[in-house]
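Asker: Below you will find the structure I want to go over with you.
Every read-out reported here was derived from the displayed coordinates using simple, explicitly stated rules and does not represent laboratory data. Here the structure is a predicted model, which is why all the values come from computation and not from measurement. Counting neighbours? That spans all protein chains shown, and the Cβs are built from the backbone with ideal geometry, glycine included.
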Amino acid sequence: MWPALHSAGFTPRLFRPEQERDLLNLGLGITSLIRRPTPSAADLTHEEYVQGTQDFLRRMKSLRPTWLAFLGVTGYRAAFGDRHASTGMQPAKIDGANAWILPNPSGRNAHFPPAALAQEFTALRIAAGLPDRRRTRHSGVTPTDTGRS
């Protein structure tokens, strides 16, 4: 996930997982529906999704984000009962926030190698109207691409 965030222009440099809180200074945050590590979504119960989704929605009510991005179609489908959801922008908002599903960045997801994953993250950044925060290697200047012509 971290290389995809940077390649997509969300971060000015490659962050490490322990720098997660540094994303807040960029107006980004990361959280989980289910707050326990699992090898795969198949290891989660329906009850965990229900409880995790309720907890998540409580947290989002206080934060009031404009955009919510979910990693993984399977988790989104289970949490929100949308069996037909796919990656990209979702038709329904969640508590007023735009919802977007990103592919799961797990190495097990062979459908989305790193370059394809970065493209998916870039599509979200552009849709959200966020600037490209990557710094060019030679000039140190941040590109201004927001995806708008």
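Asker: Which of these values of Cα Rg over 2.2 N^0.38 Å was calculated from the structure shown: [x] 1.06; [y] 1.29; [z] 1.98?
Answerer: The value computed from this structure is option [x].
Asker: Another question, if that's okay. Taking only Cα atoms, what is the 0 to 90° angle, nearest 10, from helix 114-127's long axis to the longest principal axis of the chain?
Answerer: Approximately 90 degrees, to the nearest ten.
Asker: Still on this structure, I have one more. Go through 79-92, 116-129 and give me the packing order, highest mean Cβ count within 10 Å leading.
Answerer: Working: 79-92: 13.5, 116-129: 17.4.
Peptide ranking by packing, descending: 116-129, 79-92.
Asker: Helix 46-63 versus the longest principal axis of the chain: what angle, 0 to 90°, nearest 10, using Cα atoms?
Answerer: 50
Asker: Could you calculate the contour length gain from GLN51 to ALA127, that is, 0.36 nm times the residue separation minus the distance between their Cα atoms, to one decimal place in nm? Please list the in-between numbers first.
Answerer: Working: separation 76, 0.36 × 76 = 27.36 nm, distance 2.99 nm.
In short, 24.4 nm is gained.
Asker: Using 0.36 nm per residue of separation minus the Cα-Cα distance, give me the extension gain between ALA115 and ARG36 in nm, one decimal. The partial results should precede the final answer.
Answerer: Values: separation 79, 0.36 × 79 = 28.44 nm, distance 2.80 nm.
Once the chain is fully extended between ALA115 and ARG36, it gains 25.6 nm.
Asker: Please work out the FRET efficiency for the pair ASP82 and GLN19, using the Cβ-Cβ distance as r and a Förster radius of 41 Å; give the result to the nearest 0.05. Could the numbers behind the result be given before it?
Answerer: Details: r = 32 Å, r/R0 = 0.78.
The calculated FRET efficiency here is 0.80.
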